[in-house]
Amino acid sequence: MEQQITRRTQVLTNHLLLHGEPTSLSAAPPLSSNSCLNYSPPDLNEPFSCNPTDMRVYLDSHNIPDRDWLFGLITRSRLFNPKQRGHKVFFSPDYNQSMEQQREMTMKRILYLLEKGVFQGWLTERNPDAELRKFALLEVVGIFDHSLAIKLGVHFFLWGGAIQFFGTKRHHDKWLRDTENYAVKGCFAMTELGHGSNVRGLETVTTYDSNTGEFVINTPCESAQKYWIGGAANHATHTIVFSQLNINGENQGVHALIAQIRDADGNVCPNIRIADCGHKIGLNGVDNGQIWFDNVRIPRENLLNSVADVSPDGQYLSAIKDPDQRFAAFLAPLTSGRITISASAIYASKIGLAIAIRYSLTRRAFSVSPNGPEVLLLDYPSHQRRLLPLLAKTYAMSFAGNYLKQIYVKRTPESNKIIHVLSSAFKATFTWHNMRNLQECREACGGQGMKTENLVGHLKGEYDVQSTFEGDNNVSKALLAVYIAAKKSNKPFKGFGLEHMNNPCPVIPSQLTSSTLRCSKFQVSKALLAVYIAAKKSNKPFKGFGLEHMNNPCPVIPSQLTSSTLRCSKFQTDAFFLRERDLLNRFAAEVSQFQAQGESKEYAFILSYQLAEDLGRAYSERELLQTFIQTEATVPAGSLKDVLALLRSMYALICLEEDAAFLRYGYLSMDNAAAVRKEVTKLCSELRPHALALVTSFGIPDAFLSPIAFNWIDANAWASV
């Protein structure tokens with residue numbers, strides 16, 4: 001033991017010496033001070049092999065001038081908390097403010113953006129270009145502050161989206177423009193204390209009084225109180241109430257109604273009780289509240305009636321006779337919500353990576369020889385291994401998120417199911433990735449990652465909520481598995497609220513009026529999670545959903561994998577196809593086995609949760625790889641395409657390395673798994689020269705990053721403190 005201590009002391013002493021290497025501890029000269037560190041901008045030493053401006057076109061994909069306009073708008077106002085650190089000015093919320101102060105600043109910033117015309121057309125223009133512009137501007141807002149983006153998302157996408165989806169012309173005319181202009185401040189009262197992901201189990205009850213032509217909304221018990229309602233605690237004047245609708249003693253299921261909760265002066269309305277959910281681990285700029293309804297009366301016209309209506313004399317009217325299909329329709333706004341959550345998770349990942357990688361290109365630690373210079377963090381292979389695979393995943397998710405937005409804004413009745421599936425799968429995958437990414441970036445920044453002003457540590461608390469709101473990630477994947485099993489077995493859907501999936505996908509007219517609702521034979525169905533796979537046992541070829549590979553023979557993985565094979569896109573897709581189809585077979589077989597043992601179909605699904613999670617991961621990662629390959633195919637030959645090929649291989653191989661299913665089920669041999677790991681390390685070293693260009697391509701202005709991404713010595717100098 002004593003010898004080990006002596007040896008380690010010798011090594012450290014030699015490491016710290018400036019001149020020569022002593023032969024013994026006693027011969028060591030006294031330590032002398034080193035020259036002070038100087039910051040060297042990485043841009044001077046890291047030449048770009050590809051043009052970040054060109055790469056940004058593929059990453060941001062749309063509305064780049066609009067994004068840059070909003071970045072500029074934010075930096076021109078002191079409302080957005082400019083703070084000089086060294087010779088740079090940074091914009092981020094003041095997280096040292098109290099919860100009340102943060103909420104008021106959020107509202108002031110909204111009013112500033114309103115005055116500058118940022119929200120023009122967000123609800124009153126309905127075309128793909130307007131929707132893409134809205135997505136782009138919300139993403140920029142989120143880069144500055146997640147609370148601000150969530151507050152806007154609740155108002156425009158949830159409250160406003162509910163009126164668009166569930167309302168008819170009378171609601172659109174009355175509410176949309178006032179919502180866009182903030183004459184009305186809306187919130188979205190779906191979640192209850194006792195029910196979150198299980199919307200069907202909501203306990204709020206609404207009845208109809210035919211004598212007065214009014215609906216009566218009531219919170220019958222404490223677990224029925226509306227909970228976590230963004231905007232409710234301080235600012236919202238109106239809400240969409242999701243409630244069981246009881247007409248003439250018969251429960252017609254969950255419906256949506258408009259209720260006023262405050263008057264124009266901000267006073268809580270009669271028979272409404274509102275409480276504050278209090279301080280949170282993040283998002284304290286959003287005023288989440290609890291709401292109780294004590295027999296609140298609202299006009300009959302406040303029922304959002306695109307799906308169903310109630311006549312003045314109290315008759316329930318709906319062209320959709322199936323209650324399961326009616327219920328599915330009320331989940332439509334959550335699709336756009338999941339899309340915006342997915343996108344914001346990726347931009348948060350970009351912020352973390354841009355800061356951590358820039359810091360690692362200027363911060364040095366230790367030298368490899370006693371007299372040598374200290375080594376840049378990113379020149380350590382272990383540091384490359386920490387950050388560069390996450391960078392490749394973030395690129396893959398950027399391309400997939402862009403694809404999801406494009407099919408959403410051009411949606412058709414036929415594409416609604418795949419949009420539901422992808423938005424659910426991507427929301428889970430992207431938000432989990434973001435939390436892992438931010439943690440790794442925080443650690444990669446060492447102690448500096450702990451400072452709130454350096455963002456990466458604080459953003460973990462701000463974004464943690466994404467894993468559970470708008471649908472718990474694990475619940476989403478479980479429901480996805482239910483769909484797969486039903487399609488695999490060729491049996492009808494049963495349980496979990498998915499019975500509506502047994503019916504044809506209905507077509508929603510572009511204009512819904514009261515007369516259309518009562519006379520036409522249209523049906524409305526918004527799949528709860530939607531279609532993932534066509535029936536494997538059907539006699540027809542698979543078509544759509546990226547599953548055409550199921551029509552081909554099962555791929556075979558070579559017994560020995562070379563570097564060129566591992567980097568081949570065909571091998572990569574074959575490996576992902578093999579995993580997905582095998583897990584589907586295993587999952588369906590396990591569910592059938594549990595049923596043969598006497599378990600109900602619903603409980604068999606629950607017992608098979610591990611394979612369900614594996615299959616959900618396989619589906620999502622395969623979709624990500626395919627959208628990456630599709631994006632890569634649009635890039636002309638040159639350095640940009642070469643770098644994307646490296647990133648795509650890194651993405652594919654890190655997925656192979658990290659998912660134990662490839663070894664557990666024998667898709668890769670032990671030797672091939674070792675070859676994959678070795679190739680990932682090689683890719684790290686090849687991506688290292690491109691690291692600065694790749695994070696610069698994110699297009700995030702310097703002012704929206706943090707001091708350690710730049711001259712961290714200057715930012716922490718006495719003159720800057």
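The values are calculated or read from the model by the stated rules, or taken from the named source; none is laboratory data. Treat the numbers as computed from the prediction; the structure is a model and nothing was measured. Methodologically, a virtual Cβ is constructed for each residue, glycine included, from the backbone with ideal geometry; neighbour enumeration extends over all protein chains shown. Just the protein is used for accessible areas: all its heavy atoms, side chains included, with ligands, DNA and RNA removed. Shrake-Rupley method; radii C 1.70, N 1.55, O 1.52, S 1.80 Å.
Residue by residue, here is whether (1) at pLDDT below 55; (2) part of a helix (DSSP H, G or I); (3) closer than 30 Å to residue 588 by Cα; (4) open to solvent by 10 Å² or more (accessible area, probe 1.4 Å) holds:
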site	(1), (2), (3), (4)
443	no, yes, no, yes
453	no, yes, no, yes
460	no, yes, no, yes
463	no, yes, no, no
474	no, yes, yes, yes
483	yes, yes, yes, no
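Checking 606, 629 one by one, the residue that is surrounded by fewer than 22 Cβ atoms within 10 Å (Cβ to Cβ) and closer than 21 Å to residue 687 by Cβ is 629 and no other. Of all the criteria given as (1) open to solvent by 40 Å² or more (accessible area, probe 1.4 Å); (2) over 18 Å from residue 299 (Cβ atoms), the one not satisfied by residue 214 is (2).
For region 587-602, a tally of residues being open to solvent by 30 Å² or more (accessible area, probe 1.4 Å) and within 29 Å of the chain's Cα centre (by Cα) returns 1.
In region 243-253 there is no residue that is assigned to a loop (DSSP other than H, G, I, E, B), among the charged types (D, E, K, R), out of contact with any Gly (no Cβ under 7 Å at 6 or more places or on another chain) and open to solvent by 10 Å² or more (accessible area, probe 1.4 Å).
Residues satisfying the criterion are present in region 312-325 (criterion: within 30 Å of residue 428 (Cβ to Cβ), open to solvent by 10 Å² or more (accessible area, probe 1.4 Å) and assigned to a helix (DSSP H, G or I)). Pairing each residue of region 688-707 that is in contact (Cβ under 8 Å) with a residue 40 or more places away in the chain and within 15 Å of residue 51 (Cβ to Cβ) with any residue that is assigned to a helix (DSSP H, G or I) and of a type in the set (Phe, Trp, Tyr), provided the two are 6+ apart or on different chains, yields C-beta distances under 8 Å for 694/395.
Please specify each residue of region 254-276 satisfying the condition of being more than 28 Å from residue 468 (Cα to Cα) and either among the small types (Gly, Ala, Ser) or part of a loop (DSSP other than H, G, I, E, B) (or both). Result: 263, 264, 265, 266, 267, 269, 270, 271. For region 653-662, the criterion of being touching an Asp or Glu at 6+ places or on another chain (Cβ under 9 Å), buried (at least 21 other Cβ atoms within 10 Å of the Cβ) and not small (Gly, Ala, Ser) is satisfied by at least one residue.
Which of the strands (runs of 3 or more DSSP E) contained wholly in region 181-221 include at least 1 residues that are acidic (Asp, Glu) and out of contact with any Pro (no Cβ under 7 Å at 6 or more places or on another chain)?
On the way: elements: 186-189, 205-209, 214-218.
Filter on region 181-221 gives 205-209.
For region 555-572, the tally of residues that are open to solvent by 60 Å² or more (accessible area, probe 1.4 Å), modelled with pLDDT under 95 and β-branched (Val, Ile, Thr) stands at 1.
Has region 346-356 got at least one residue that is in a strand (DSSP E or B) and under 28 Å from residue 182 (Cβ atoms)?
So the first thing to find is which residues in region 346-356 are in a strand (DSSP E or B), and the list is none.
No, every residue in region 346-356 fails to be in a strand (DSSP E or B) and under 28 Å from residue 182 (Cβ atoms).
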